[in-house]
Amino acid sequence: MEVGTVITRIRAMLRAGELDALICMHAETGLPIDVLVERAIAEGKTAPIYHALTRPQVAEATGTERAIALAEMAGVPVYIVHLSAQRALERVMEARDRGLNVFAETCPQYLFLSEDNLRGTKEDPFEGAKYVCTPPLRPASYQEHLWRGLRNYDLQVVSTDHCPFCMKGQKELGRNDFSKIPNGMPGIETRLHLLWEGVREGKISMNRFVDITSTAPAKIFGMYGKKGTLAVGADADVVVWDPNKKFELSHKNLHMKADYAPFEGKTVIGA
């Protein structure tokens, strides 16, 4: 981490503390990643899968540790966005065990997709560009660590990092260079459908489903009382959920403004 970046971040955190604000931190160590990306491109490794292979989980773990350290020195809380891997989660767990105000979220793509999606198809490896996001998708074996983190309250929220870039005119900019693929995928409309699968499969309880999608974010971001609860005086933002309704997560059934759906053809129960 460059000296100037450290100074900027600690000043931002100190100011956030004065304003009673909350810093949301994307936690990766960027400069080593830049070197790995540069080397991969020079070696002709340009396919989307190399987006994941040049951003190892140690970069996320180190970034998470540094973000927490700065927040601790500033005496302020910090919120780690889109956490994807066990080693970063372990840094959050250790900090919370010490009583620090550290919060973290994961996203549906890290719970249901894997780096195999980045390999695309045999006919067109660039189909993997649909799944380029940062931090990258990880091996499927990482998913259970995140589900356990949600069950054990080590992860507080499941957000989406919704970035509905289209393949046409946007993601295709990186067809010959994975580092030029816009990072992100559409996810906001499918979040509840997917997480309900976790309830049906016994990975989280129904109460935990409500907590990580509604109550916890309302509390963390200072909106509880108006949001995240059914109570007199609260906003009437009510979702009526049918736990048995079947729904196909296809582009034709969704409203997100992208030209593809990451879970195309998947039928879920709960809508």
- Taking the options GLY174, GLY184, name whichever one is touching a residue at least 40 places away in the same chain (Cβ under 8 Å), touching a strand residue (DSSP E or B) at 6+ places or on another chain (Cβ under 8 Å) and either among the hydrophobic types (A, V, I, L, M, F, W, C) or surrounded by fewer than 23 Cβ atoms within 10 Å (Cβ to Cβ) (or both). GLY184
- Of the residues that make up region 83-95, is at least one under 12 Å from the mean Cα position of the chain (by Cα), β-branched (Val, Ile, Thr) and over 17 Å from PRO48 (Cβ atoms)? no
- Message: Pull out all pairs, ordered by first then second residue, where Cβ-Cβ is under 7 Å, the residues are six or more apart or on different chains, the first lies in region 115-140 and is over 26 Å from ARG87 (Cα atoms) and without any contact (Cβ under 8 Å) to a residue 60 or more places away in the chain, and the second is among the charged types (D, E, K, R) and surrounded by fewer than 21 Cβ atoms within 10 Å (Cβ to Cβ).
- Response: THR121/GLU127
- Could you identify the single residue in ASP235, ASP211 that is without any contact (Cβ under 8 Å) to a residue 24 or more places away in the chain, charged (D, E, K, R) and in contact with a Lys or Arg (Cβ under 7 Å, 6 or more places away or on another chain)? ASP235
- Could you please find all residues in region 161-199 being within 22 Å of ASP124 (Cβ to Cβ) and small (Gly, Ala, Ser)? GLY169, GLY174, SER179, GLY184
- When GLN109 is evaluated against the numbered criteria (1) crowded, with 23+ Cβ neighbours inside 10 Å; (2) part of a loop (DSSP other than H, G, I, E, B); (3) not hydrophobic (A, V, I, L, M, F, W, C), which criterion, by number, is the only one it fails? (2)
- Those residues that are touching a Ser or Thr at 6+ places or on another chain (Cβ under 6 Å) and either among the polar types (S, T, N, Q) or within 25 Å of VAL268 (Cβ to Cβ) (or both), I need them from region 159-199; list them, please. ASN176, ASN183, GLY187, ILE188, ARG191
- Message: Could you go through region 56-75 and let me know if any residue there is closer than 26 Å to SER179 by Cβ, in contact with a helix residue (DSSP H, G or I) (Cβ under 6 Å, 6 or more places away or on another chain) and part of a loop (DSSP other than H, G, I, E, B).
- Response: no
- Message: For region 121-168, which positions are of a type in the set (D, E, K, R) and assigned to a loop (DSSP other than H, G, I, E, B)?
- Response: LYS122, GLU123, ASP124, ARG138, ASP154, ASP161, LYS168
- Note on the structure: Within region 173-230, residues being out of contact with any Pro (no Cβ under 7 Å at 6 or more places or on another chain) and assigned to a strand (DSSP E or B) number 2
- Item | Every residue from region 128-156 that is within 20 Å of HIS26 (Cβ to Cβ), surrounded by fewer than 22 Cβ atoms within 10 Å (Cβ to Cβ) and not hydroxyl-bearing (Ser, Thr, Tyr) | HIS145, GLY149, ASP154
- Checking VAL268, VAL239 in turn, the sole residue that is within 30 Å of CYS133 (Cα to Cα) and part of a strand (DSSP E or B) turns out to be VAL268
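Residue-by-condition table, conditions (1) at pLDDT below 95; (2) over 23 Å from ALA271 (Cβ atoms); (3) surrounded by fewer than 16 Cβ atoms within 10 Å (Cβ to Cβ):
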residue	(1), (2), (3)
GLU201	no, no, yes
ASN207	no, no, yes
ILE212	no, no, no
ALA216	no, no, no
ILE220	no, yes, no
LYS226	no, yes, yes
LEU230	yes, no, yes
- Message: When you scan region 20-28, do you find a residue that is surrounded by 11 or more Cβ atoms within 10 Å (Cβ to Cβ), part of a helix (DSSP H, G or I) and either among the hydrophobic types (A, V, I, L, M, F, W, C) or over 23 Å from the mean Cα position of the chain (by Cα) (or both), even just one?
- Response: no
- Message: Cβ contacts < 9 Å: first residue without any contact (Cβ under 8 Å) to a residue 24 or more places away in the chain and of a type in the set (S, T, N, Q), restricted to region 238-255; second residue surrounded by 14 or more Cβ atoms within 10 Å (Cβ to Cβ) and part of a loop (DSSP other than H, G, I, E, B), any location; separation 6+ or different chain. Result?
- Response: SER250/ALA261; SER250/PHE263; ASN253/ALA261
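The values are calculated or read from the model by the stated rules, or taken from the named source; none is laboratory data. Source: prediction; values computed, not measured. FYI the Cβ positions are ideal-geometry reconstructions off the backbone, even for glycines, and counts take in every protein chain you see.
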